[in-house]
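Single-structure report; data block below.
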Amino acid sequence: MKNVFKKVIVVAILLWGSFPIEAIASQRNGQEDVETDTTQVKCKFCYNDGQLIGGNWILLDSIIVTKLYSNTSFFGYVFSSPNKQVTKILKEDALYVSYNDTLYINCHVAMDETLNCYSKAYLGKYDLVFFASKNVANKGVVAASAVGFGLIGGTMAFAASNITSQASSEKPYFWDMRQGFPISIDPKYMKDLLSKKKFLLKEYKNESKHDKKKPEVVMKYLQKIHILK
C-alpha cells in the first residue's frame, strides 16, 4: 500500500513538472493569451490634458506594446521600453500615449493606482474622452447620472461613486478633461441621454442587459448622437 502511495506521488510530481510554466503564470495573473509585439516601435506620450490639447507630445523610440487580455476590446495595453526610466514614466506618470494613430489613456493615472495598463481612448465633445477600464473601487469616480454636460440639462454634481463588479470586465467611462476625473457611464444615464431620440432609445432598450454595459455598444450610441465621432 505504501509503495502504491509513493508511485502516485511520483506521477503527480512528473505531471506537475510537465505543466507549462506559461500556463501557470497566466492563471496566477488572471490573464489570457498575452499578446506582445516584440518589435520595437515609435510612439509619443504626454503628461496631461493641456499637453494633449496643445499637441505637445514627447516622441519615443524602441517601445514594446503588450496586450494583456484577449477578452477586452479597449482595456489592457502596456507600453514598455528597454530603458527602465522610460518604462516607469509610461507606467506611472504619462496620461496619454499615441501609437499607430490611436490614442490610449493611462488607467493607472486616470482611474486607480492598482491598474497598470492603458485603454484605447476617443476624444469627444464637451472636453470628454471615452475609454474603458476594469471595475475598481475608486472614490474619485463620478456617476454619469450625477453630471450635467448641457446635453440633458442639470448641474455639475461632485458625488463619488464606489464601483463593485467583476474585476475582469470592462466598463465604459468618460474622462472629464475640465475637471480631471473619470465618470462612470451606466445604462440609466444612457437612457436619459437618448431620451430625445426616441428611435435610438427604443433600439438601446432592445439591447440585452449585458450588452447595454459593453463599451463598444455604448460607444456606438454616443457616435449616433454625435458626442463621439
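Residues in the stretch 88-107 that are surrounded by 20 or more Cβ atoms within 10 Å (Cβ to Cβ) and in a helix (DSSP H, G or I): 90, 107.
Taken over the stretch 168-221, the residue count meeting the criterion of being among the hydrophobic types (A, V, I, L, M, F, W, C) and in a strand (DSSP E or B) is 4. Answer yes or no as to whether residue 214 is among the basic types (Lys, Arg) and buried (at least 17 other Cβ atoms within 10 Å of the Cβ). Spelling it out, residue 214 is indeed among the basic types (Lys, Arg) and buried (at least 17 other Cβ atoms within 10 Å of the Cβ).
Per-residue answers, yes or no, for (1) at pLDDT below 95; (2) closer than 28 Å to residue 70 by Cα; (3) touching a Cys at 6+ places or on another chain (Cβ under 8 Å):
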| position | (1), (2), (3) |
| --- | --- |
| 169 | yes, yes, no |
| 172 | no, yes, no |
| 175 | no, yes, no |
| 196 | yes, no, no |
| 206 | no, yes, no |
| 210 | yes, yes, no |
| 219 | no, yes, no |
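Of the candidates 204, 173, the single residue that is farther than 30 Å from residue 47 by Cα and open to solvent by less than 10 Å² (accessible area, probe 1.4 Å) is 204. For the stretch 116-136, the set of residues classified as part of a loop (DSSP other than H, G, I, E, B) and open to solvent by less than 10 Å² (accessible area, probe 1.4 Å) consists of 117 only. Scan the stretch 70-87 for residues that are of a type in the set (Lys, Arg) and within 13 Å of residue 45 (Cα to Cα) and the total you get is 0.
The values are calculated or read from the model by the stated rules, or taken from the named source; none is laboratory data. Note that the structure is a prediction, hence the values are computed from the model and not measured. With ideal geometry, Cβ positions are generated from the backbone for all residues, glycine too; neighbour counts draw on all protein chains shown. Just the protein is used for accessible areas: all its heavy atoms, side chains included, with ligands, DNA and RNA removed. Shrake-Rupley method; radii C 1.70, N 1.55, O 1.52, S 1.80 Å.
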